[in-house]
Amino acid sequence: MIITTQRFSPWVHTALVLGACLCCAGVATAQAQGAAAAATTAAATTTNPAAEYRLGSGDVVRINVYQNPDLTLETRVTEAGIVSYPLLGAIRLGSLSVTAAEKLIADGLRSGNFVKQPQVTLVVLQVRGNQASVLGQVNRPGRYPIEVADMRLTDLLAMAGGAAVNGSDLVVVTGSRNGQPFRTEIDLPTVFAAGGRDKDILINNGDSVWVDRQPLVYIYGEVQRPGPMRVERGMTVMQALATGGGLTLRGTQKGIRVHRKAADGKVQVSEPTLDDKVQDGDVVYVRESLF
């Protein structure tokens, strides 16, 4: 066997040594960055745990204990938040998260020496205790279960099929927060604008969402299509007339009148310009030209 020994010049030797050092440094840097990213992810997970659904009265649950089929139970949480469970008797699960309820049952089975290492699984079959109502101009009004702890207004409206064709962009949410009455009005398009996430509020048990009818302006007189028209954002008198098909051959832009109900209930009549904005409930009259 012949062994060949190859000699390198000092320059080549130096380059090889530097390359090896840089390679080791790169690996160490990559490992440090990976460890830092993992630590950051773990810290974020610890700091911001995912919210869990909390059991409410009326919820139907199924409780299983691994390798103990005789401890399987399907039951309903009572109005007092109580569940009667084998070997443990009456236990309070109302307002507990699913994880906390599983731990409570497992601790009871373990401390009573009924099961040495109980593995408890609780599944919510029907959500009855946490519900919210959607009323008004939506496609499917009714009561809907709050199946997740972080359900937001847009989630609830999506379950109700969204706003109907004649529904308004303004939504009213009522309920209670911290034991106090709660009411807020939300302009839906602003929720989807930049920075509008905070306006998509969390829905709590017992909340009611009301979607009003769309704002309307009424046009009559010498226009092509008199009748009610939807008031769009920033709509002017000219745009309202255009929605009505414009003026007839006998109509005139001079002397257009707007009848508007004031805060005291009295109707005020004005002669606006074509650039003035219309409001919900306005009645626009286009008179006939004298010539």
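The values are calculated or read from the model by the stated rules, or taken from the named source; none is laboratory data. Because the structure is a prediction, the values reported are computed rather than measured. A quick note on method: Cβ atoms are made from the backbone with ideal geometry, for glycine too, and the neighbour counts reach across all protein chains shown. These accessible areas exclude ligands, DNA and RNA; they are computed on the full protein's heavy atoms, side chains included. Shrake-Rupley method; radii C 1.70, N 1.55, O 1.52, S 1.80 Å.
I'd like the distance separating the alpha-carbon centroids of the stretch 242-272 and the stretch 143-211, in whole Å.
35
Might you work out the accessible area of M238 for me, using a 1.4 Å probe with all protein chains in place, and round it to the nearest 10 Å²?
100
Setting aside same-chain residues fewer than 8 positions from K254, which lysines have a Cα under 20 Å from its Cα?
Here the lysines satisfying the reach criterion relative to K254 are K277.
When the accessible area of the stretch 216-267 is split by element with a 1.4 Å probe, what percent falls to carbon and sulfur?
The value for the stretch 216-267 is 54 percent carbon and sulfur by accessible area.
With Cβ to Cβ distances under 14 Å as the rule, what net charge do the other residues near M151 carry (K, R +1; D, E -1)?
Computed value for this residue: -3.
Could you rank L153, L135 by how accessible they are, 1.4 Å probe, largest area first?
Largest accessible area first, the residues go L135, L153.
Among the lysines, which have Cα under 25 Å from the Cα of K116 when same-chain residues fewer than 8 positions away are ignored?
K103
Hey, what did the stretch 117-237 get for relative contact order, percent, Cα under 8 Å, at least 6 apart?
It comes to 27 percent, rounded to a whole number.
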